[in-house]
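Following: one structure in structure tokens, then a few remarks.
Any read-out appearing in this document is the output of simple, stated calculations on the displayed coordinates, not a laboratory observation. This structure is a prediction, so every number in the text was calculated from the model and none was measured. Neighbour counts run over all protein chains shown; Cβ positions are idealised from the backbone, glycine included.
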Amino acid sequence: MSAAGAPQASHPDWRESVALALVRASAARPGPLLPALHALQGHFGYVPAQAVQLLATELNLSRAEVHGVITFYDFFRTTPPGQRIVRICQAEACQAMGSAALSAHAKSRLGIDFHQTTANGAVTLEPVYCLGNCACAPAMLIDERLYGRLDAARFDALVSAEVGP
Amino acid sequence: MITVYVPRDSAARSVGADEVALAITQEAARRNLPVQLVRNGSWGLFWLEPLVEVVTPGGRRAYGPVTVADLPSLFDGHFLQGAAHPLAQGYTQEISYLKNQERLTFARVGLIDPLSLADYRAHEGLVGLQRALEMTPSAIVDAVTTAGLRGRGGAAFPTGIKWRTVLNTQAAQKYVVCNADEGDSGTFSDRMLMEDDPYTLIEGMVIAGLAVGATQGYIYLRFEYPDAWQVLNEAISTAYAAGVLGASVLGSGRRFDLEVRLGAGAYICGEETSLLESLEGRRGQIRFKPPLPAIAGLFGQPTAINNVISLATVPVILARGADFYRDFGVGRSRGTLPIQLAGNVARGGLVEKAFGLRLDELLYEYGGGSASGRALRTVQAGGPLGAYLPAAQFDTVLDYEAFAARGAMLGHGGLVAFDDTVNMASMARYAFEFCALESCGKCTPCRIGSTRGVEVIDRLLAARHKARELELLNDLCETLQHGSLCALGGLTPLPVQSAIAHFPEDFGLSPSDSLIRRA
């Protein structure tokens, strides 16, 4: 994530030379696959399908191993997200403070369900399980920025500020 | 020059600390007042965040919760001189929530600029490491053992015994791994420590390296903590530049290298063997034990794998002595526990106290009861795999054994409070849902049993004759408990069965139902 800098407004197209440089920058480290995937997703916004063969070749793994890792971890995406990713906490402490109602509001405000992206490509909505903000619940992340003490009005204000009305 | 503190902790930022900090600077400039702004860590008084402090001759005075809209009246009311104001909380150290704590691991949290190594040194930082450098590895392990430190990640295994095993296992390369995959809901002490006093963790890991003979450390951090990622990386780079890390730790000629690795959203990677698999670049599936990670851990080498708080407690043990630390606490639970008050509680935050406090003292005297103003109905202790305790058990003492005696688990010290609007059947269902979502898939009871659990709960709720479904649920829980390879499947029955035992009415059951299993 942060390895590739601030979240980008739009995601760059696949370029093998860029991907190769990112993967090779991680290849010398022990256990390089997760750092390499973070670097790729940090740059491209997701892990493009073309990266699987490249990772396998560079890191001396089978494509199945690479695919297995990408699909095991919820954070890694195989499709481009919207310009912003909004992650609303679903865990118990946030439930105790109304995260179910907040999530329902978010879905209806954005017109999408979890794991979906708005038609204009502005927002992807994801569930997340604990952001460590349990004393200021309910909480969410917009990209890498944490927010707490949310209710429907504050959600609308923040989402409008971040992604437009 | 007047020094003003505004926390940079992500929880404080999540409720507007950055905006308040910026507005203070601007307003001070506009009024031509000489203000120096320091971004400190959070004291963990989260209901008061953003908590602004002003340094006065008598000490730091606190104001909170401050919004940008409050600033004109704060400036007009001379808060820079520590004057009275509706948001004034008095001297920070005198706030009763804080004053009555026993902060050992969190001694510097809130007090200092987290990234200032000079601040860190000025407040007893690196004293423990200096001591450790003069000791034999075995003496360091002895100190940690004598102190009675037990794994703060939740399992409460004695840290010294784990380290002794790594020390006694011969290998060319050993590792220290910090488990910073704090995924339990209701817990945030790891996050706070990493964001608000990162050098303590670094120092603890270097000492661990000296103790067990490891020269490489990894911090496995969850992606959900982007602020901690930034702070840790910056702190590590400062520590290298200052010679705290690298080829010659504090000029001793002994090496310790440290790197942060990012997880990718898998709760199971908080389980130590899954974490090691993930660090090695694989799916986070758990490993069979034995061998223990202490004997064959990361890359097959002896590995001391410990929770953030366990490692961050080592410096104070070395600095003040094992006896000093051991003299806090009760029974076999020695020292202090950073307790996290969360969920539906009026004053949520971090309370570091010696073991031995009662749950109701925490919930009412510290927490101030529910945030909603309604009656508290239950508390889930120890994360999503912990039991739900009813109000009748709020007299439980915070001590690993006292919780275990009631069929509950103290775990990482996270307490999530719920008011009387909670539906315990939906919480029980959620426990299975979460297990299904996060199961690594390696063992059948957890992989399949979690999904069957959701279905059985749905049938139990819908059924008119509930005995059959309840019996099935009990069987399923027994299978999970005894047949799972790790705590995810093994402990998921705990929240489920405690919810049924203590709140049968939420499941349409009668309290006298003979099939209700009691802890």
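The phi-based Karplus calculation (6.51 cos²θ - 1.76 cosθ + 1.60; θ = phi - 60°) puts the 3J(HN,Hα) values of region B:401-411 at 6, 5, 5, 4, 5, 9, x, 10, 9, 6, x Hz, whole numbers, x for Gly and Pro. Within straight-line reach of B:LYS353, meaning a Cα separation under 15 Å, sit the following aspartates and glutamates at least 8 residues removed in sequence or on another chain: B:GLU102, B:ASP327, B:GLU361, B:GLU365, B:ASP399. Could you state the angle between the C-alpha long axis of helix A:63-72 and the longest principal axis of the C-alpha atoms of chain A, as a value from 0 to 90 degrees rounded to the nearest 10? Approximately 10 degrees, to the nearest ten.
The amide H of B:VAL177, built 1.01 Å from its N in the peptide plane, has B:TYR218, B:ALA304, B:ILE305, B:ASN306 as neighbours under 5 Å, considering only residues 5 or more places off or on other chains. Figure legend: label point modelled 7 angstrom from the Cα of A:TRP14 along Cα→Cβ; residues of region A:74-106 with amide N under 16 Å from it are A:77-81. Cross-link partners of B:LYS289 among aspartates and glutamates, defined as those whose alpha carbon lies under 19 angstrom from its own and excluding same-chain residues fewer than eight positions apart: B:GLU271, B:GLU272, B:GLU277, B:GLU280. Using θ = phi - 60° in the Karplus curve 6.51 cos²θ - 1.76 cosθ + 1.60, the 3J(HN,Hα) couplings for region B:346-356 round to 5, 10, x, x, 9, 10, 8, 9, 4, 3, x Hz; x is entered for Gly and Pro. Relative contact order, whole percent, for chain B stands at 13, derived from Cα pairs under 8 Å and 6 or more residues apart. Of interest is the spacing of the C-alpha centroids, which for region A:37-59 and region B:44-59 amounts to 45 Å. Using only alpha-carbon positions, what ratio does the radius of gyration of the protein assembly as shown give when scaled by 2.2 N^0.38 Å? Normalised Cα radius of gyration, the protein assembly as shown: 0.93. Restricting region B:293-337 to trypsin sites (Lys or Arg not before Pro) that sit in a DSSP loop and have at most 15 other Cβ atoms within 10 Å of their own Cβ leaves B:ARG332.
Along region A:148-155 the Karplus relation, 6.51 cos²θ - 1.76 cosθ + 1.60 evaluated at θ = phi - 60°, assigns HN-Hα couplings of x, 6, 8, 9, 4, 5, 5, 4 Hz to successive residues, with x for each Gly and Pro. Protection proxy ranking of B:171-184, B:228-241, by the mean of other Cβ atoms within 10 Å over each peptide's residues and highest first, is B:171-184, B:228-241. For chain A, the longest principal axis of the Cα atoms and the long axis of helix A:33-44 meet at an angle of about 70 degrees. The spacing between region B:388-466 and region B:208-256, judged by their C-alpha centroids, is 37 Å. Distance between the C-alpha centres of region B:301-315 and region B:102-153: 12 Å, rounded to the whole angstrom.
Shown for chain B are the DSSP H helices of 20 Å or more along their axis, judged by Cα atoms, with a mean Kyte-Doolittle hydropathy of at least -0.5: B:198-212, B:226-241, B:424-438, B:444-462, B:467-483. For chain A, the longest principal axis of the alpha carbon atoms and the long axis of helix A:99-110 meet at an angle near 80°.
As a proxy for reagent exposure, B:SER252, B:SER14 were ordered by neighbouring Cβ count within 10 angstrom, fewest first; the result is B:SER252, B:SER14.
A simple charge model with +1 on the Cβ of Lys and Arg, -1 on the Cβ of Asp and Glu and nothing else charged puts the dipole of chain B at about 940 debye relative to its Cα centre.
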